[in-house]
Amino acid sequence: RPCCRMSPLLPRPPPRPPPAASGEDLSEEEGLDRAVMKAGDEFDSLGFVEPDHGDSLGESMKSYREWFQAKAERRLKRLEARQEKLPQPGDWASLPKATLKALLRKGLSPEHRPEVWWSCLGCEAQRQRSPVAYQQYLQEKLELSTAETIERDLTRTFPNHRKFRSAAGRGELRNVLHAFARRWPSVQYCQGLNFIAGLLLVVLRDEERAFWALVCAFDALGVEGYYTEGMTLLRADMSVLSIFMKTRCSKVAKELQRLNIDLLSICSEWYLTWFAKSLPIATVLRVWDTLFFEGFKILFRVAMGVFKKVEQEVLQCGSFDGVMERAKRWPRDMVEHNELLKISFGGYTPFRRKDLLKARDEALVRIEREDEEHRREVQARREASKARAAASSAAPPPAPPTMDSSPLRVEDRARKDDAG
């Protein structure tokens with residue numbers, strides 16, 4: 001069975017709705033929507049709640065957005081100049097790879113991002129080839145445990161987004177996750193996929209297109225092993241990240257090793273959600289612009305980019321607890337997405353896919369061997385325990401104590417009685 005070991009992603013769901021007014025008969029979903037609508041939050045252009053006034057991270061995001069605007073407008077003009085030369089409308093995948101890679105690394109504008117992602121991922125071709133339509137997946141039943149887990153995570157998924165504060169928005173997310181669970185039975189559902197599906201819904205604004213984008217990205221990245229029993233591929237990739245950090249981010253690697261910190265404890269959420277829950281949304285979108293074209297190696301580049309950005313802070317922590325306490329905050333502080341992408345793509349020796357794959361294969365062999373040895377040890381202990389229990393139950397009961405009537409013993413007792 002598929003397995004996910006992530007802990008609940010949020011401490012609690014949004015507040016319950018207020019009691020219905022006299023004469024009203026609101027469902028819990030409708031009441032939740034009504035309560036949120038009255039909250040008076042302000043939303044950004046993507047639909048996320050604007051941070052409160054005075055929130056330092058929110059102020060940094062706003063300031064950076066304003067500073068970056070002029071650069072974004074220049075990049076938009078270059079993108080649209082390329083768009084005019086496409087052989088077919090929306091056929092971005094037909095561009096030379098080097099040209100498309102350069103455009104994507106510079107970032108996409110919100111109005112063009114859905115079209116470019118759809119093309120780069122080959123979603124239309126996948127949808128046309130599929131023998132099962134999206135609506136058919138929705139008609140198929142899920143295992144009860146899978147359906148219940150999805151349901152629990154709906155209110156935990158971007159509760160600061162307008163879409164997922166409504167029953168209709170959560171319904172779209174439920175459908176995408178339901179269809180994906182039927183499309184990918186080896187995975188079904190694992191916590192973390194809800195954030196990926198949720199952000200695809202936000203960007204693509206259509207649940208069927210979000211579903212096919214999720215399917216295509218999942219297939220292109222080849223990360224099924226992140227979400228199946230044992231999470232073998234995720235553990236292997238954490239080992240690979242550790243190896244590459246020794247040469248590309250050596251100071252941080254040495255400090256984490258000195259403090260006996262496993263990268264799995266810091267980076268698993270980054271990889272499981274493709275950074276969707278870890279980085280600021282504007283930064284996630286920049287990462288995904290490249291991820292959906294260049295593939296899984298972007299996860300490694302960005303992870304090392306984050307560590308490079310916080311190198312001095314890591315070195316100043318000085319303790320296991322100090323690092324673990326601050327680790328959650330490090331990616332969330334990556335507001336300056338352009339700078340993160342620059343450091344992620346620059347300053348390294350060539351970062352080749354074949355080198356990653358070779359290191360990944362070696363790590364997988366080692367981890368699978370270790371897992372097999374562990375299974376044998378566990379099995380041997382179980383069999384030994386069963387053997388001891390069987391031997392104990394099969395042994396004859398001890399004989400009851402009897403009076404010793406040997407002549408010597410009788411004489412000894414007689415002498416003892418005479419002496420008394």
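The values are calculated or read from the model by the stated rules, or taken from the named source; none is laboratory data. Keep in mind the model is a prediction, meaning the values are calculated, not measured. A quick note on method: Cβ atoms are made from the backbone with ideal geometry, for glycine too, and the neighbour counts reach across all protein chains shown. Surface areas here come from the heavy atoms of the whole protein model, side chains and all, with no ligands, DNA or RNA. Shrake-Rupley method; radii C 1.70, N 1.55, O 1.52, S 1.80 Å.
Ranked by the mean number of other Cβ atoms within 10 Å per residue, highest first, peptides 365-371, 264-270 order as 264-270, 365-371.
Loop-located GluC sites (Glu not before Pro) in segment 105-146 (DSSP state not H, G, I, E or B) with no more than 15 neighbouring Cβ atoms inside 10 Å: GLU111, GLU140, GLU143. Here the extension length gained between GLN69 and MET324 equals 88.3 nm, from 0.36 nm per residue of separation less the Cα-Cα distance.
Per the Debye formula on identical point scatterers at the alpha carbon atoms of segment 129-214, with no solvent, log10 I(q)/I(0) at q = 0.11, 0.20 Å⁻¹ is -0.25, -0.86. Against the criterion of solvent-accessible heavy-atom surface with a 1.4 angstrom probe, SER166, SER94, SER392, SER344 sort, most first, into SER392, SER94, SER166, SER344.
Charge tally for LYS277 (other residues, Cβ to Cβ under 11 Å; Lys, Arg +1; Asp, Glu -1): +2. Accessible surface of segment 51-104, 1.4 Å probe: 51 percent of it comes from carbon and sulfur atoms.
Residues GLU66, GLU80, GLU313, GLU325, ordered by accessible area of protein heavy atoms at a 1.4 angstrom probe radius and largest first, appear as GLU325, GLU66, GLU80, GLU313. Highest-first packing order for the peptide set 144-150, 82-88, 298-304, 351-357 is 298-304, 144-150, 351-357, 82-88, based on the mean count of other beta carbon atoms within 10 Å. Across segment 47-173, Cα-Cα pairs farther apart than 21 Å form 64% of the total. Rounded to the nearest 10 square angstrom, TYR137 shows an accessible area of 20 square angstrom against a 1.4 Å probe. Pull out a ≥ b ≥ c, the square roots of the eigenvalues of the alpha-carbon gyration tensor of segment 309-372, then state rounded if a/c is under 1.5, prolate if not and a/b is larger than b/c, and oblate in the remaining case. Verdict is oblate for segment 309-372.
Full extension of the segment from ASP355 to SER130, taken as 0.36 nm per residue of separation minus the current Cα-Cα distance, would add 77.7 nm. Surface exposure of segment 90-204, expressed per residue as accessible area with a 1.4 Å probe, stands at 41 Å². Ordering 276-288, 46-58 by mean Cβ neighbour count within 10 Å, with the highest value first, yields 276-288, 46-58.
Taking the inverse of the mean 1/r over every pair of distinct Cα atoms in segment 207-357 gives a Kirkwood hydrodynamic radius of 15.9 Å.
From the square roots a ≥ b ≥ c of the eigenvalues of the alpha-carbon gyration tensor of segment 78-123, which class results: rounded (a/c under 1.5), prolate (a/b over b/c), or oblate? Rounded, because the longest to shortest axis ratio a/c is under 1.5. Here the ratio of the Cα radius of gyration of segment 259-301 to 2.2 N^0.38 Å is 1.22.
Overall form of segment 202-290: prolate. Here a/c, set by the Cα gyration tensor axes a ≥ b ≥ c, is 1.5 or more, and a/b is the larger of a/b and b/c. ARG382 to ARG78: FRET efficiency via 1/(1 + (r/R0)^6), r the Cβ-Cβ distance, R0 60 Å, to the nearest 0.05? Rounded to the nearest 0.05, the efficiency is 0.40. Only protein heavy atoms count here; on that basis, with a 1.4 Å probe, ARG382 has an accessible area of about 140 Å².
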